[in-house]
1. Assess whether F103 counts as being over 17 Å from L24 (Cβ atoms) and open to solvent by 20 Å² or more (accessible area, probe 1.4 Å).
2. Could you list, in sequence order, all residues of segment 149-171 that are assigned to a helix (DSSP H, G or I), more than 23 Å from T57 (Cα to Cα) and open to solvent by 70 Å² or more (accessible area, probe 1.4 Å)?
3. Could you check, for segment 14-22, whether at least one of its residues is modelled with pLDDT under 95, under 23 Å from L156 (Cα atoms) and assigned to a helix (DSSP H, G or I)?
4. Select from segment 126-144 the residues that are touching a helix residue (DSSP H, G or I) at 6+ places or on another chain (Cβ under 9 Å) and open to solvent by less than 70 Å² (accessible area, probe 1.4 Å) and write down the one among them that is modelled with the lowest pLDDT.
5. Collect the residues in segment 137-163 that are aliphatic (A, V, I, L, M) and more than 14 Å from the chain's Cα centre (by Cα), keeping them in residue-number order.
6. Looking only at segment 29-53, count how many residues are open to solvent by 40 Å² or more (accessible area, probe 1.4 Å) and either free of Cβ contacts under 8 Å to residues at least 12 places away in the same chain or not aliphatic (A, V, I, L, M) (or both).
7. Looking at this structure, is A8 assigned to a helix (DSSP H, G or I), surrounded by 13 or more Cβ atoms within 10 Å (Cβ to Cβ) and touching a Phe, Trp or Tyr at 6+ places or on another chain (Cβ under 8 Å)?
8. Starting from residues that are touching a residue at least 24 places away in the same chain (Cβ under 8 Å) and either farther than 19 Å from G14 by Cα or touching a Cys at 6+ places or on another chain (Cβ under 7 Å) (or both), keep the ones in segment 75-97 and report whichever is surrounded by the fewest Cβ atoms within 10 Å (Cβ to Cβ).
Amino acid sequence: MHALTIFARFVHVGAGGYWVGAVLFINAFLGPSIEAIGPESRGLMRELMRRRYFEMTMLMATLTILSGLYLVWLDSDGFRAAWFGTRFGLTLTVGMAATILAFVVAIVAVRPALARVMAIGQQMTDVTSRGERHEVVGALEGARARLSAAGAFSALLLVLAVATMAVARYL
């Protein structure tokens, strides 16, 4: 096997593992914990943002997709249509589509919802009246609900992608 192919597989599996693990951790543990803790979790969120946790996750997603496309290009002999008609090719194509859709969901839904949650959280410290606080809390709950739904959908797509890639060679 060519050294570049080995490197691409290493990047694909390593970055993909990071990405999927990060998304599942955020959706199953971190997000619900932050929601349960409430306003006291702002410090944790600020620290995650300072450490660029979410940007690192998107970098790993990008590396996963790019290395995966390179590997498919190799396997399919330059994206030959006949390869995509095989069970193996079709299964990997479903996984690729799920992966790319999860990436798009992260960009168009998760990232803006996260930014909105962070902005509203910052706004909470400036609220003085009870009426304002009620309005801000309502906005925060709506933004969190959108973030949770988009994150769960993204996680589901990534689990589908992992499943297809795990079984593709055996179909």
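1. Numbers: over 17 Å from L24 (Cβ atoms): no; open to solvent by 20 Å² or more (accessible area, probe 1.4 Å): yes.
No.
2. Going residue by residue through segment 149-171, those that are assigned to a helix (DSSP H, G or I) are 149-170.
Narrowing the set further to residues that are more than 23 Å from T57 (Cα to Cα) leaves 167-170.
Within segment 149-171, R169, Y170 qualify.
3. We begin by selecting, within segment 14-22, every residue modelled with pLDDT under 95; these are none.
Scanning segment 14-22 turns up no residue that is modelled with pLDDT under 95, under 23 Å from L156 (Cα atoms) and assigned to a helix (DSSP H, G or I).
4. Checking each candidate, the answer is V127.
5. If the condition is that a residue be aliphatic (A, V, I, L, M) and more than 14 Å from the chain's Cα centre (by Cα), then V137, A139, L140, A143, A145, A163 are the ones that fit.
6. Initially, segment 29-53 is screened for residues open to solvent by 40 Å² or more (accessible area, probe 1.4 Å), giving 29, 32-33, 35-37, 39-40, 42, 44, 46-47, 49-53.
With the extra rule that they be either free of Cβ contacts under 8 Å to residues at least 12 places away in the same chain or not aliphatic (A, V, I, L, M) (or both), the set shrinks to 29, 32-33, 35-37, 39-40, 42, 44, 46-47, 50-53.
Number of matching residues: 16.
7. Numbers: assigned to a helix (DSSP H, G or I): yes; surrounded by 13 or more Cβ atoms within 10 Å (Cβ to Cβ): yes; touching a Phe, Trp or Tyr at 6+ places or on another chain (Cβ under 8 Å): yes.
Yes: the conditions hold for A8.
8. Step one: filter segment 75-97 for residues touching a residue at least 24 places away in the same chain (Cβ under 8 Å), giving 87-88, 91-92, 94-96.
Still in the list and also either farther than 19 Å from G14 by Cα or touching a Cys at 6+ places or on another chain (Cβ under 7 Å) (or both): 87-88, 91, 94.
Numbers: R87: 11, F88: 16, T91: 19, V94: 16.
The residue in question is R87.
The values are calculated or read from the model by the stated rules, or taken from the named source; none is laboratory data. Quick caveat, the model's predicted, so the values are computed rather than measured. All Cβ positions, glycine included, derive from the backbone under ideal geometry; neighbour counts span all protein chains shown. Note: accessible area is taken over every heavy atom of the protein model, side chains too, but ligands, DNA and RNA are not part of it. Shrake-Rupley method; radii C 1.70, N 1.55, O 1.52, S 1.80 Å.
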